[in-house]
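Worksheet: the structure to be examined is printed underneath.
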Amino acid sequence: MSTPSESPSSAPAVSKGLEGIVAAHTRLSDVRGDVGQLIYCGYDIDELAGKVSYEEVVYLLNHNHLPNPKELSELKTTLAGYRELPQGVIDMLCRLPADCPPMHAIRTGVSALGCYDTIADDDTMDAQRRKALRLIAQIPVVTAYFHRARQGKPLVHPDPTLGEAANFLYMIDGEKPSAEKVSTMDMCYVLHADHGMNASTFSARVTIATLSDMYSAITTAIGTLKGPLPGGANEGVIKMLQEIGSLDKVDAYVDECMKQKRKIMGIGHRVYKVLDPRAPHLKRMAQILSAKLGEPKWIQMSERIAALMLEKKNLHANVDFYSATVYYSLGIPTDLFTPIFAIARTSGWTAHVLEQLADNRLIRPQSVYTGPVGLKVTPLEQR
Ligand code: COA
C-alpha cells in the first residue's frame, strides 16, 4: 500500500473555507466586518431600513440607483404580473409529501419553473433580467402554495394589488395582513436582500459562471442557504428558546453549551467581528412585537443569551438571532423562517447572477492533492 506523497513544497497555500479570498468585484453590497457596516449600492443599511420598501431595494440592486415613483410603480406592476405559476408546477407542489421540509420544496419548485419557462436558456441580458424579476415574484408564491397544500388547505392565489411582503403574508394566512405585519415583514426583506459574497451568493455565481441558466443558479443558491451554518440558524434559535423554556434557565443553558462546546444558534459570524448591523433593527422589531403580544419572555431570553455570549466569548448576535423572534411573534411557522430568508435574498442572488454575466469568467479554483501517486492497478480478481 502506497503512502500519501508529500505535497510539493511549491504547492500553493490552501485557504480553508476560502477565508480571506476575494472572488469578485461587486457594486451590489459591501460587508464591513470590522466596523459592523452593511452597504447596498452606496447606501448604509441603517439609512435604508425603515425608509425604503423591499421593492425599492430590488430596483436599487438591479439599477444601482433608487427608483423614482414611476419606476417603482412599473416594477411593482411587473412583479405582480409575474407571480402566476405554470399549472404543472402548482400540481407538482401539491403532490410533494406534506412532511417535506419547505426548503426542499422551494428548491424543487424553482428547478421545475425552469422546465416551463420558454426563455430558460435564452442568454440575452434582456431575457436574464426578465427571469430575475420572475423568480423574485414567483419564489414567494412557490413557498405559499406548498405551505397551504401541505396543510390540506385551499390555495390562496396572489393578489396583484398587494406588494411583495403583503402578498406573501396573505397567501400563507388566507387573510389580508395588518399594516404593522406588512411593514415588519417588508423591513425583514430589506435587511436580508443582499450580503456580499456569502456562501449562497457565491454558489449562484459559480453556477452561472459556467453559462448555465438563471434557474440552475438560484436552485444552487437555495440548496446552499438551506444549511444551518449560513441560513437555517434562525429556526435553530426558536428551537433553542423553546428548549430553554424560561428566563431563569438561560444562564445554566449557556454554561452547559460552553462546557460541551456546543454552538449557540444566531451567535457569531464569519465576517462581522463586531455587531451585525442588521441585528439592532431586528431586535427593535422583536421588542415591539413581544410587548404587543404580551409575551415578553422570548425577547428577554434572547437579550440575556446575547449578553452572556458577549461577556463570555466576545461574540455578537447575528441576523438570525432576533429575526427568529420577529417571525415567531408574527405567527409564522418555524420551518418557513429560512424560506423567508430565501425569498428576500432572491433579489441579491439574481442581481449577482446578472453582475457575474456582465463580466463573466469561469470560477474554477484549484486544490492541493494530498493522495498517493504512482499506484499500479492490481487485477480485479487479485484484489
Ligand atoms: N456559539 C458558541 N461559540 C461560538 C459560536 C456560537 N454560535 N460561534 C463561534 N463560536 C466560537 C467557536 O467555538 C470558536 O471558539 P474557540 O476559538 O474557543 O474554538 C470561535 O468562536 C470561532 O468560531 P468559528 O466557528 O471558527 O467561527 P466561524 O467564522 O468559522 O463561524 C459561524 C461563523 C456563523 C459559522 C459560527 O459563528 C456559527 O456556527 N454560529 C452559529 C450558527 C449561526 O448563527 N449561523 C448564522 C450566521 S448569519
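Bear in mind these aren't lab numbers, they're just calculated from the coordinates by the rules spelled out. Worth saying up front: this structure is predicted, and the values here are computed from it rather than measured. With ideal geometry, Cβ positions are generated from the backbone for all residues, glycine too; neighbour counts draw on all protein chains shown.
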- Message: Principal axis extents for the chain, Cα atoms only, whole Å, descending order, please.
- Response: 70, 57, 47
- Task: Run the numbers on the chain and let me know its relative contact order in percent, using alpha-carbon pairs under 8 Å that are six or more apart.
- Result: 25
- Item | Between segment 306-348 and segment 198-242, the Cα center-to-center distance that results, in Å | 15
- Task: Quick one: give the max-minus-min coordinate of the C-alpha atoms of segment 197-239 along each principal axis, largest first, in Å.
- Result: 40, 18, 9
- Task: Loop only per DSSP, at most 15 neighbouring Cβ atoms within 10 Å: give me the chymotrypsin sites (Phe, Trp or Tyr not before Pro) in segment 301-383, ordered by residue number.
- Result: Y369
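Report, please, the projected area of segment 52-112 averaged over directions, based on the convex hull of its C-alpha atoms, in nm².
Hull-based average projected area comes out at 5.4 nm².
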- Query: Which value in nm describes the separation of the simple spin-label points at T378 and C115, placed 7 Å from the Cα toward the beta carbon?
  - Reply: 4.5
- Message: Please list, by residue number, every one of the trypsin sites (Lys or Arg not before Pro) in segment 238-304 that is coil in DSSP and has at most 16 other beta-carbon atoms within 10 Å.
- Response: K261, R262, K263, R270, K273
- Dipole of the chain [Lys/Arg +1, Asp/Glu -1 at C-beta], most positive-end residue of P97, H63, H352: P97
- Query: For segment 86-212, what is the convex hull volume of its Cα atoms per residue in Å³?
  - Reply: 128
- Query: With +1 on each Lys and Arg Cβ and -1 on each Asp and Glu Cβ, how big is the dipole of segment 233-329 about its Cα centre, in debye rounded to the nearest 20?
  - Reply: 300
- Query: Scanning the chain for GluC sites (Glu not before Pro) in DSSP loops with at most 10 other Cβ atoms within 10 Å, what's the longest stretch left with none?
  - Reply: 176-383
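As an exercise, use a Förster radius of 45 Å and the Cβ-Cβ distance of Q242 and R129 to find the FRET efficiency, rounded to the nearest 0.05.
Here the calculated transfer efficiency is 0.60.
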- Against the rule of thumb 2.2 N^0.38 Å, how large the Cα Rg of segment 233-329 comes out: 0.98
- Message: Please compare each pair in K131/K153; K176/K297; K273/K313; K261/K283 to a cut-off of 18 Å on the Cα-Cα distance and tell me which ones are over it.
- Response: K131/K153; K176/K297; K261/K283
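For n ≥ 4 DSSP H runs only, could you compute -39500 (n - 2.57) per run for the chain, divide by its residues and tell me the 222 nm figure to the nearest 500?
One gets -17500 deg cm²/dmol as the mean residue ellipticity at 222 nm.
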- Task: List the lysines whose Cα lies under 20 Å from the Cα of K70, skipping any in the same chain that are fewer than 8 positions away.
- Result: K51
- Hits among aspartates and glutamates - C-alpha to C-alpha of K249 under 18 Å, sequence gap 8 or more where chains match: E295, E303, E311
- Which length gain, in nm to one decimal place, applies between D251 and K273 when the Cα-Cα distance is subtracted from 0.36 nm times their residue separation? 5.6 nm
- Message: Nothing charged except the Cβ atoms of Lys and Arg (+1) and of Asp and Glu (-1): what's the magnitude of the dipole of the chain about its Cα centre? Round to the nearest 20 debye.
- Response: 800
